[in-house]
1. Give the residue from VAL294, THR241, ALA343 lying farthest towards the positive end of the charge dipole for region 233-352; charges sit on Cβ (+1 for Lys and Arg, -1 for Asp and Glu) and the dipole is referred to the Cα centre.
2. Length gain on complete extension for the stretch ASP291 to ASN61, per 0.36 nm per residue less the alpha carbon to alpha carbon distance?
3. Express in nm, to one decimal, how much length is gained between MET448 and THR258 on full extension, taking 0.36 nm for each residue of separation and deducting their alpha carbon distance.
4. Once R0 is set to 51 Å, what does the formula 1/(1 + (r/R0)^6) return for the Cβ-Cβ distance between ASP148 and ASP382, expressed as a FRET efficiency to the nearest 0.05?
5. Using a 1.4 Å probe, what is the accessible area per residue for the chain, in Å²?
6. Quick check: at a probe of 1.4 Å, how many percent of the accessible area of the chain sits on carbon and sulfur atoms?
7. Assign unit charges at the C-beta atoms only (+1 for Lys and Arg, -1 for Asp and Glu), then state the dipole size of the chain relative to its Cα centre in Debye, rounded to the nearest 20.
8. Projecting each Cα onto the charge dipole of the chain (Lys/Arg +1, Asp/Glu -1 at the beta carbon, about the Cα centre), which of SER388, ILE81, LEU457 comes out farthest on the positive side?
Amino acid sequence: MKKLLFIIALLAAAACTKVSEPAPCGPVPSERQLQWHQLERYVFIHFTTNTFTDLEWGYGNESEEIFNPTACNPRQWADIISRAGFKGIVLTAKHHDGFCLWDTKYTGHNIMNSPYGRDLVKEVSDACREYGLKFGVYLSPWDRNHPDYGTPAYIDYYRNQLTELLTNYGDIFEVWFDGANGGDGWYGGADERRNIDNLTYYDWPTTWEIVRQKQPNAIMFSDGGPDCRWVGNEAGFAGETNWSTLNKAEFAPGHADTFALNHGQEDGTDWLPAEVDVSIRPGWFYHQREDDRVKSVDQLMDIYYKSVGRNGNLILNVPPDRRGLIHPTDSANLIEFGRAIKAEFAENLAQAADFKATDVRGNSRRFAASKVAGEGYWATDDDVTTASLTATFRKPTTVSKIVLQEHIALGQRVQRFSVEAMVDGRWQTLDEQTTIGYKRIIRFDPVMADAIRVNILASKACIALDNVGIY
Ligand code: FUL
């Protein structure tokens, strides 16, 4: 009896010893990046004189008079966008043509001198707040209107503009620095050719410091970050292999190795996750001739799986028309798209499954397999980089999608994995893929399964999975 009590006491003591968390693996996200990952999808709004001249890249010589939306209503945009489940709006406050959508004191080439005569950045940021959306700005570095473009004086002008945007419109969640920034022989500046060396001209680190000071929580986008990176195409897809790590020092706005941007770099020195920018129409700005070429719900769903489903955030462009309203086709498809995502992920079948893993860190409940279906995360012992996790259903269940999420606060680890289904007593492979990251969605033809098994086949360090969703 004494011996038994002693053993029980020993076991209890072992259970109480806190098994420690895995050590971080490589670069890890900052707090602001962690918050940003969770947004998953938001909307881009391209709106300027181009909407009225039918151009994609304005020349900078457009009269303020032509910006004349007759029924402009950012509350309509925010209403549709929030109902479609998007989390924010990034507005082109100034595109390459140099026309400013806000009441700036640094140039007369702005919306206050147009027939519209109101500060649209203010109206959009107010609408975002009213509808619970985050608000961000795009400020084109390249400026084909400004007389100083190409000289050092323009950089002061650009920073002054940025400061206005970061000071007068509340919280900014993202600032978009375009890689189309006047290098590579593009011509820029009021009706004449002005060549700049876009590697040296902009002195980005100094500009980025302004953002850090004025809006410490804002994410900065560019070809080279500093917080999130371009995905290397405008067609709406991240690579099937997509690391959130990249050698940041090798990249700069306008200097992009598109393959590396699309896939990330497995041993990259910095946490620099991909953002997938794509338009709901062929162009970034509204053109009536494209009214019958709005992406369908099926196309949008495909984009969703190839962006959010491949460890990238999606920024979907929805350009207002000449009235200043989202066109009915775009609006209908956007709302349906939101509904389709909701419907496809309505019921997480993992909630009703029993989880078991081939390894649990320190045999601790803290890192148990079942954690992937709720709070916390499943982790393996330090020396275990291959392991399987099985979810067994109480009765055969139809499955067509699996959502996997790593515990990225400790870095991105998984290099190769497969998913299987137990069908009629046999394991059947559904897919084999490489990276997971913040989120990976695997889709396949529906199967009637008794169980689902996730096999981590290779990992840079011990495994740490936040979530396994089954749909
Ligand atoms: C590109 C720009 O040149 C396009 O006009 C658009 O703004 C897109 C989002 O980025 O580089």
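1. It is VAL294, whose Cα lies furthest towards the positive end.
2. 80.1 nm
3. 64.4 nm
4. Plugging the Cβ-Cβ distance into 1/(1 + (r/R0)^6) gives 0.35.
5. With the other protein chains kept in place, the chain gives 41 Å² per residue.
6. Of all accessible area on the chain, carbon and sulfur atoms account for 50 percent.
7. 2120 debye
8. The one lying farthest along the dipole's positive direction is SER388.
The values are calculated or read from the model by the stated rules, or taken from the named source; none is laboratory data. Computed from a predicted structure; not experimentally measured. Cβ coordinates were reconstructed from backbone atoms using ideal geometry, including for glycine residues, and neighbour counts include every protein chain displayed. Protein only, heavy atoms only, side chains kept; ligands, DNA and RNA dropped before computing areas. Shrake-Rupley method; radii C 1.70, N 1.55, O 1.52, S 1.80 Å.
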